[in-house]
Amino acid sequence: MARYAGPGSVEWVESGGGPLIAIPEVVLPFWTGADGDELASDYDRACEVEGFVGLLPVGNATALVLGEDPAATSYLPEHGTFVRWSAGDSERELLAGVPAALDSAAWGREVHWQVPGAVVLFDAAWPGAEATKTGHLRIPLEPGRYAVRGAHAEPGPETWIGLVQLRSPGR
């Protein structure tokens, strides 16, 4: 079980109100965010994703959209999970509830995401070329295919967590 020292023990990414997106680093320049010359921007496409997770083509790869709630989000590699802070009195309390949340979650539909390596999590409104100049999180994933599923869980009376779990075939 992971132990977290206190506030600031993990990095959180927040959005301005829309979805967060995890894009493979190699295709970041192809994501235009809310900018764009087309009728529907990349950000608009991300906002159309329904449910906990969805996939969008970006360049010759695929991005993972974290839908439902624009909650502050971190990635816990020991659980292979994006954790979304919906409600909780403290970071420590929220993170302590993650194992129970994973055990009790009612998982939604699963999608399969092929990644070429590291991804960057950021606000979908930002262009990919600007993503690393603002609030973002780089996640060093192993290349391969991941089964991705999402859920909401309430590990405590005042703690609500969104979960997006990545499972590789060997996991």
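Rounded to the nearest whole Hz, the Karplus-based 3J(HN,Hα) values (6.51 cos²θ - 1.76 cosθ + 1.60, θ = phi - 60°) of segment 71-78 follow the sequence 6, 4, 9, 10, 10, 10, x, 5, with x at glycine and proline. Fully extending the segment from E110 to D44 would add 21.5 nm, taking 0.36 nm per residue of separation and subtracting the current Cα-Cα distance. Each of T134 and S168 was given a label point 7 Å from its Cα along the Cα-to-Cβ line. The distance between the two points is 3.1 nm.
Amide H to amide H, with H built 1.01 Å from N, V53 comes under 5 Å of G67, counting only residues 5 or more places away or on other chains.
Each value in this text was obtained by applying a stated rule to the coordinates, not by laboratory testing. Model, not experiment: these values are computed from the prediction. So basically every Cβ, Gly included, is an ideal-geometry build from the backbone, and we count neighbours across all protein chains shown.
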